[in-house]
Amino acid sequence: MSDKKQASPLVQGYEVVIGFETHAQLATQSKIFSRAPTAFGAEPNTQACAVDLALPGTLPVMNRGAVEHAIRLGLALGSHIAEQSVFARKNYFYPDLPKGYQISQFEIPVVQGGEVSFFLGDEKKTVRLVRAHLEEDAGKSLHEEFHGMSGIDLNRAGTPLLEIVTEPDMRSSAEAVAYAKELHKTVTWIGICDGNMQEGSFRCDANVSVRKPGAELGTRREIKNLNSFKFMQQAIDYEVRWQIEQIEDGHAIQQATVLFDPDTGETRAMRTKEDAADYRYFPDPDLPPLVIARDWVEQVKANMPELPRQMAARLVQTYGLPEYDATTLTQSPAMAAYFETAAKASGQAKMASNWIMGEVSRRLNNEEKDIGQVPVSADTLAALLKRIADGTVSNNAAKQVVDALWSGEGSDVDAVIEAKGLKQMNDSGALEKIIDEVMAANAPMVEQFRAGKDKAFNALVGLVMKASKGKANPQQANDLLKQKLQ
Amino acid sequence: MNELHHLGVAELAAAIADKKTSSVEAAQHLLARAKEHQNLGAYLAFNEDLTLAQAQAADARIAAGERGLLLGVPLAHKDIFVTQGFPTTAGSKMLAGYQSPFDATVVSQLAAAGAVTLGKLNCDEFAMGSGNDNSAYAPVHNPWDTARVPGGSSGGSAAAVAARLVPAATGTDTGGSIRQPASFTGITGIKPTYGRCSRYGMVAFASSLDQAGPMARSAADCATLLTAMAGPDIDRDSTSLDHPAEDYTRLLGLPREGATAAQPLKGLRIGLPKEFFGEGCAPDVLAAVRAALSEYEKLGATLVDISLPRTELSIPVYYIIAPAEASSNLSRFDGVKFGHRAAKFDDLADMYKKSRSEGFGPEVQRRIMIGTYVLSHGYYDAYYVKAQQIRRLIAQDFQQAFTQCDVIAGPVAPTVAWKIGEKSDDPVANYLADIYTLSTSLAGLPGMSVPAGFGAANMPVGLQLVGNYFKEGELLQTAHAFQQATDWHLKTPEGY
């Protein structure tokens with residue numbers, strides 16, 4: 001919340017204010033008000049039934065599964081789940097909107113309040129939610145395939161959506177992206193959305209404005225349909241620069257809806273407030289108020305998985321991890337499970353955390369893979385961590401072991417260590433011999449150290465490690481060298 | 001049998017079951033008769049092959065030993081019900097030739113009971129009207145005087161039943177569209193409790209008010225039809241009441257509890273709202289209604305004076321809520337997916353404008369405009385929200401009244417049927433004539449019209465009976481007792 005926030009980062013002396021509206025497509029088998037399937041990518045108009053086509057005489061019937069998904073989100077984000085919420089009609093004409101209105105929720109949404117917390121760097125941020133409401137998606141207009149005409153595909157019409165709306169609590173594009181990633185994590189974690197941004201299952205609209213610190217909120221422009229985290233950042237950054245430029249040039253910002261063009265990296269106004277439609281919202285007389293009994297909520301609660309923040313708290317408690325580690329490791333259920341397996345099998349929780357957040361994540365990122373595709377199992381990683389802990393291999397040598405395991409060159413940790421000769425030299429006699437040789441060959445450096453140049457010590461350790469081909473135990477090398485230099 | 005068009009539902013079902021005639025013979029006879037009287041404008045569509053195939057199937061079921069109160073009986077549906085094999089137009093050019101890929105629940109339930117669909121019946125466009133002169137195809141004529149309206153919007157259903165073109169028909173009632181035409185044509189019709197009949201497959205006019213019901217020559221026949229039509233349909237209609245189906249014939253002919261055969265309605269308190277018996281009602285109508293009430297006293301009922309103080313407000317409230325819902329419900333008729341699309345247009349907005357201007361008639365356009373207006377930003381609270389508040393008060397007034405009486409009675413309409421064209425240029429006069437039926441619809445209560453005699457120009461007058469929620473059985477029992485004692489419902493217009 002803003003009062004707890006550190007000073008907001010300013011851009012050219014302006015504070016950036018961002019609020020989000022996210023459409024999360026709910027992973028239900030059938031549509032929100034009909035029994036048609038929700039499969040993506042099917043032949044046009046094969047996933048639409050009479051209700052989705054709005055044929056005369058058809059009526060909506062609420063999909064219980066969609067409501068349950070909304071309850072899950074509310075529980076996950078600490079929101080109030082309304083005992084009674086109301087479906088409303090949002091009236092407007094568009095060819096891909098078969099009824100001429102969208103069934104949504106307006107005055108009384110199903111999920112009210114709540115918050116999303118996450119780390120931005122090592123700073124904890126909290127974004128407040130206004131609401132999340134259930135609504136149906138529209139179909140799609142297809143303009144490319146037809147000459148001089150447009151085609152309509154109603155497969156997506158009636159797909160259940162939760163529109164999740166925040167307060168304007170975010171102060172930078174980085175914070176906005178971090179929020180979106182955290183929300184994305186939450187909806188996929190609790191299984192209500194597949195999170196596929198390319199297919200449009202998770203689409204964000206960002207309301208962006210700028211102001212001088214302490215001033216009233218500026219006029220916002222809404223960037224529609226941001227469907228990747230990368231574009232989100234680019235679009236907001238461009239929009240912020242554009243708005244500041246306008247204001248600096250003496251122009252007022254006009255409220256508008258804009259689109260981001262990834263090819264040009266620019267945002268472009270679609271429509272301004274003047275041509276905003278009057279949606280004539282009113283309660284849908286075809287649907288009685290949605291009543292959610294307390295025991296339904298309790299039932300859903302009993303079947304909720306451990307939530308990321310609960311799990312993070314547990315990881316702190318059980319494994320003594322720092323909060324930052326715990327939050328990072330709870331990016332996905334798979335990541336957390338990977339950590340817990342490795343930590344338990346190795347008995348080295350913090351080391352496991354470091355390795356997963358460091359070496360494992362770096363490799364996965366390089367290869368654009370997620371933890372589900374990791375080639376080194378948690379048990380194998382644990383075996384390696386044990387070998388580090390018992391001094392068999394050094395940290396550096398262990399990285400080479402991971403390389404071999406990752407590439408498939410080997411699969412057994414001890415066999416790889418053996419085959420690559422990475423075993424740490426724990427025999428002090430052999431090490432002393434190497435140290436003596438290094439000191440003899442680098443007499444000037446020894447002199448420098450003795451003359452008070454501490455830097456020379458590190459150089460000598462490096463040379464000892466090199467001479468041992470990395471097998472020396474660094475701590476032991478350190479200690480012995482120190483003794484001999486005195 | 002040459003005169004089988006004079007048989008009501010029960011008699012025709014019995015004749016078919018007893019093999020005195022067959023469903024096929026009845027269907028052929030009634031089809032021929034319907035065509036002979038096409039000048040009434042009652043029917044919009046036939047599908048003779050399908051009708052006869054259904055009749056043959058019914059005859060086969062009978063031959064196999066099956067029995068049913070509707071088995072083999074030809075019926076016809078108001079063109080608001082989507083019906084496979086027939087066009088469903090809702091009386092509008094917008095839906096000219098539209099074929100539904102599914103049946104309305106009411107249609108399929110009647111079919112399951114063995115009824116045969118004879119055809120589709122004319123109505124006011126999208127059920128908006130009270131004279132059936134808003135049909136895009138043809139006005140319907142009242143068989144009692146073909147210069148007069150049959151009432152509306154279920155005017156085709158009323159005229160067809162009154163003219164003995166069909167023993168019974170389906171209708172829909174949003175603000176009186178079953179009760180008022182029943183009254184104008186001397187037949188019996190009942191609008192059940194809102195939610196009792198599924199709205200699935202009814203072309204929507206005003207969702208929170210639309211309700212299906214039967215129109216027939218007697219309360220007993222209405223009871224038989226309603227038994228097949230009503231019941232829960234919660235998987236297809238969220239406003240359908242999850243209340244088990246019931247047999248509405250069960251109380252017919254039985255004296256009320258504690259009453260006797262001579263005075264079968266002893267103990268029944270009939271409430272007479274003073275607002276229904278004031279100056280606004282024509283004396284000829286009042287005279288017929290009062291005579292019918294005297295008859296009820298003879299049957300043992302007592303008359304109680306009550307008040308429904310917000311009766312007058314029901315007109316503005318209804319004419320805000322119904323058009324508001326209609327303006328949204330009719331948005332799907334945009335020329336994109338089905339229905340009329342203008343032949344020539346410049347762009348998308350022009351396509352919408354032309355298609356809708358060409359497809360909808362003047363009354364429908366008027367109501368879309370009213371509805372759009374009352375839902376608009378800045379007007380919504382003053383009109384729609386306020387109307388909904390008063391609607392709740394109107395419903396409360398009825399509950400207050402039902403502490404003093406069991407059934408409410410009064411006229412259905414302030415006058416008998418008017419001359420075709422008489423009110424065409426005066427929509428407000430049409431709206432005002434709905435005063436006695438609107439409040440029942442707004443409250444969602446069951447109401448019916450029972451033939452009660454004749455008024456000016458020897459035109460039929462109906463008695464309206466309104467019951468509390470789910471009291472259709474008691475209403476039909478009350479109407480049936482009256483019809484056992486009187487013969488108004490048996491009167492046939494001359495020439496039919």
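Evaluation of residue A:9 against the conditions (1) within 25 Å of the chain's Cα centre (by Cα); (2) crowded, with 20+ Cβ neighbours inside 10 Å; (3) closer than 30 Å to residue A:238 by Cβ shows that the sole unmet condition is (2). If you go through segment A:30-54 and pick out every residue that is free of Cβ contacts under 8 Å to residues at least 60 places away in the same chain and buried (at least 21 other Cβ atoms within 10 Å of the Cβ), you end up with 1.
Rundown of residues vs (1) touching a residue at least 60 places away in the same chain (Cβ under 8 Å); (2) within 14 Å of another protein chain (Cβ to nearest Cβ); (3) under 13 Å from the mean Cα position of the chain (by Cα); (4) within 23 Å of residue B:490 (Cα to Cα), yes/no style:
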{"residue": "B:151", "(1), (2), (3), (4)": "yes, no, yes, yes"}
{"residue": "B:157", "(1), (2), (3), (4)": "yes, no, yes, yes"}
{"residue": "B:171", "(1), (2), (3), (4)": "yes, no, yes, yes"}
{"residue": "B:185", "(1), (2), (3), (4)": "yes, no, yes, yes"}
{"residue": "B:195", "(1), (2), (3), (4)": "yes, yes, no, no"}
{"residue": "B:198", "(1), (2), (3), (4)": "yes, yes, no, no"}
{"residue": "B:202", "(1), (2), (3), (4)": "yes, yes, yes, no"}
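In segment B:324-339, the qualifying residues are those that are touching a residue at least 60 places away in the same chain (Cβ under 8 Å) and surrounded by 21 or more Cβ atoms within 10 Å (Cβ to Cβ), and the one that is farthest from the other protein chains (Cβ to nearest Cβ) is B:326. When the residues of segment A:72-85 are filtered to those that are buried (at least 18 other Cβ atoms within 10 Å of the Cβ) and assigned to a loop (DSSP other than H, G, I, E, B), the one that is farthest from the other protein chains (Cβ to nearest Cβ) is A:77. Screening B:93, B:120 for residues that are in contact (Cβ under 8 Å) with a residue 24 or more places away in the chain, among the basic types (Lys, Arg) and surrounded by 24 or more Cβ atoms within 10 Å (Cβ to Cβ) leaves exactly one candidate, B:120.
Restricting to segment A:113-127, count the residues that are touching a Ser or Thr at 6+ places or on another chain (Cβ under 6 Å), at pLDDT 95 or above and of a type outside the set (Gly, Ala, Ser). Outline the logic, then answer.
Filtering segment A:113-127 down to residues touching a Ser or Thr at 6+ places or on another chain (Cβ under 6 Å) leaves A:113-115, A:117, A:119, A:126-127.
Subset that is at pLDDT 95 or above: A:113-115, A:126-127.
Still in the list and also of a type outside the set (Gly, Ala, Ser): A:115, A:126-127.
Counting residues in segment A:113-127 that are touching a Ser or Thr at 6+ places or on another chain (Cβ under 6 Å), at pLDDT 95 or above and of a type outside the set (Gly, Ala, Ser) gives 3.
Within segment A:29-40, is there a residue that is out of contact with any strand residue (DSSP E or B) (no Cβ under 7 Å at 6 or more places or on another chain), of a type in the set (Lys, Arg) and away from chain B (no Cβ under 11 Å)? Checking segment A:29-40: not a single residue is out of contact with any strand residue (DSSP E or B) (no Cβ under 7 Å at 6 or more places or on another chain), of a type in the set (Lys, Arg) and away from chain B (no Cβ under 11 Å).
Filtered by the rule that a residue be assigned to a helix (DSSP H, G or I) and at pLDDT below 95, segment B:306-348 gives a lone residue, B:348.
Of a type in the set (A, V, I, L, M), surrounded by 17 or more Cβ atoms within 10 Å (Cβ to Cβ) and more than 14 Å from chain B (Cβ to nearest Cβ) - does that describe any residue in segment A:257-279? Looking through segment A:257-279, at least one residue is of a type in the set (A, V, I, L, M), surrounded by 17 or more Cβ atoms within 10 Å (Cβ to Cβ) and more than 14 Å from chain B (Cβ to nearest Cβ). Taken as a whole, segment A:49-71 holds no residue that is away from chain B (no Cβ under 13 Å) and of a type in the set (Ser, Thr, Tyr). Return the pair list, or none, for Cβ contacts closer than 8 Å from residues in segment A:326-346 that are assigned by TED's automatic domain parsing to the domain that holds residue A:193 to residues that are crowded, with 19+ Cβ neighbours inside 10 Å and modelled with pLDDT under 90, at least 6 apart or on different chains. Within 8 Å, no pair qualifies.
Regarding residue B:404, is this residue more than 18 Å from residue B:181 (Cα to Cα), touching a Gly at 6+ places or on another chain (Cβ under 8 Å) and polar (S, T, N, Q)?
Answer is yes for this residue.
Is it true that residue B:352 is outside any loop (DSSP other than H, G, I, E, B), within 11 Å of chain A (Cβ to nearest Cβ), among the aromatic types (Phe, Trp, Tyr) and within 23 Å of residue A:99 (Cβ to Cβ)? Here the answer is yes, as residue B:352 does meet what is asked. The set of residues in segment A:283-324 that are in a loop (DSSP other than H, G, I, E, B) and among the hydrophobic types (A, V, I, L, M, F, W, C) comprises A:287, A:292, A:293, A:304, A:307, A:321.
Figure legend. Inter-residue proximity from segment B:347-373: first residues under 24 Å from residue B:427 (Cα atoms) and surrounded by 22 or more Cβ atoms within 10 Å (Cβ to Cβ), second residues of a type in the set (Asp, Glu) and at pLDDT 95 or above, beta-carbon distance below 8 Å, spacing 6+ or different chains. Indicated pairs: B:356/B:334; B:360/B:125; B:364/B:125; B:371/B:325. Within segment B:204-238, if we keep just the residues that are out of contact with any Phe, Trp or Tyr (no Cβ under 8 Å at 6 or more places or on another chain), among the small types (Gly, Ala, Ser) and in a loop (DSSP other than H, G, I, E, B), the residue that is farthest from the other protein chains (Cβ to nearest Cβ) turns out to be B:218. What number of residues within segment A:438-486 satisfy the criterion of being touching a Phe, Trp or Tyr at 6+ places or on another chain (Cβ under 6 Å) and among the β-branched types (Val, Ile, Thr)? Final tally of qualifying residues: 0.
Among the residues of segment A:169-179, some residue qualifies, meaning at least one is assigned to a strand (DSSP E or B), modelled with pLDDT of 95 or more and more than 14 Å from every other protein chain (Cβ to nearest Cβ). Against the conditions (1) within 14 Å of chain B (Cβ to nearest Cβ); (2) modelled with pLDDT of 95 or more; (3) assigned to a loop (DSSP other than H, G, I, E, B), residue A:44 satisfies every one except (2). Screening residue A:206 on (1) farther than 30 Å from residue A:300 by Cα; (2) part of a loop (DSSP other than H, G, I, E, B); (3) in contact with a helix residue (DSSP H, G or I) (Cβ under 7 Å, 6 or more places away or on another chain) shows it passes everything except condition (2).
Filtering segment B:455-477 to residues that are touching a Leu at 6+ places or on another chain (Cβ under 6 Å) and part of a helix (DSSP H, G or I) leaves B:473, B:475, B:477.
Being among the hydroxyl-bearing types (Ser, Thr, Tyr) and under 21 Å from the mean Cα position of the chain (by Cα) is the filter; apply it to segment B:67-103 and report the residue that is nearest to the other protein chains (Cβ to nearest Cβ).
The qualifying residue nearest to the other protein chains (Cβ to nearest Cβ) is B:88.
If I filter segment A:417-467 down to residues being charged (D, E, K, R) and free of Cβ contacts under 8 Å to residues at least 12 places away in the same chain, which single residue comes out as surrounded by the fewest Cβ atoms within 10 Å (Cβ to Cβ)? Among them, the one singled out is A:454.
When residues in segment B:374-387 are screened for being of a type outside the set (Ser, Thr, Tyr), more than 8 Å from chain A (Cβ to nearest Cβ) and over 9 Å from residue B:320 (Cα atoms), 5 of them pass.
Among the residues of segment B:392-428, how many are exposed (fewer than 13 other Cβ atoms within 10 Å of the Cβ) and at pLDDT below 90? Total satisfying the criteria: 3.
The values are calculated or read from the model by the stated rules, or taken from the named source; none is laboratory data. All values reported here derive from a predicted model rather than from experimental measurement. All Cβ positions, glycine included, derive from the backbone under ideal geometry; neighbour counts span all protein chains shown.
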